[in-house]
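The values are calculated or read from the model by the stated rules, or taken from the named source; none is laboratory data. In this text, all values refer to a predicted model and were calculated from it rather than measured experimentally. Please note: Cβ atoms are built from the backbone with ideal geometry, for glycine as well, and neighbour counts cover all protein chains shown. These area figures cover heavy atoms from the full protein model, side chains too; ligands, DNA and RNA do not enter into them. Shrake-Rupley method; radii C 1.70, N 1.55, O 1.52, S 1.80 Å.
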Amino acid sequence: MGTKKTYWIAMCGLAALSISAASAQAVRVIGRRPAPNVSVNFITITALPNIVNFSLVEGGVATGSSPVTVVTTWVGIGLLSTVQIYASLSSAGTALSGGAPVTSIPSSSVSGQDPKGIPTSYTPFTQSGLNPGSSLLLYNTGAILTIGAQSHTDILSLKIDLTSMPQLPVGSYTGVLTLTIQSF
């Protein structure tokens, strides 16, 4: 088995909370990846759309305006290889922060659903991964022998649940969602 390599893209976001007006979260996608390992020679990842809007609801649940389609493609020859895709937030205690005074929304208040992956129902970002306690495993595949190109598409829907949160100050809340691909 080869050594573990991690590939990731960060999705930066902005969310605003207002008692009387709708507000939004914008998500921007940027990419970064290290050199590939022996079992997988080339990995690409794309995530579209690169903007998701949320209208935060005080004491309620806000669903993202559209799901993020994540397409991962890997090429190479592998023996006993595994590919895992995680979505992670900044930390368990702070998925988003903002307002005045500064307040945090924990990752346990943010959930993801991927009908083509592992979390087929909304699941909080509380698993281990890139950031322990703030990750969600989207996809996991293992193969005895892989030759050529493989591809997987995730359709990640997001929601923010503020039902257990105390009243949040009105303001803009920002956070980062990172997509991580591990090949080993």
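The residues of the stretch 49-184 expose on average 41 square angstrom of accessible surface per residue, using a 1.4 Å probe on protein heavy atoms. What does the charge add up to near residue 62, with Lys and Arg as +1, Asp and Glu as -1, over the other residues with Cβ less than 15 Å from its Cβ? In short, -1.
Which whole-number percentage describes the relative contact order of the stretch 70-175, with Cα contacts under 8 Å and a sequence gap of 6 or more? It comes to 39 percent, rounded to a whole number. Here the spin labels are modelled as points 7 Å beyond Cα on the Cα-Cβ line, and at residue 42 and residue 130 they lie 2.4 nm apart. The reciprocal of the average 1/r between distinct C-alpha atoms defines the Kirkwood hydrodynamic radius, which for the stretch 103-184 equals 14.7 Å.
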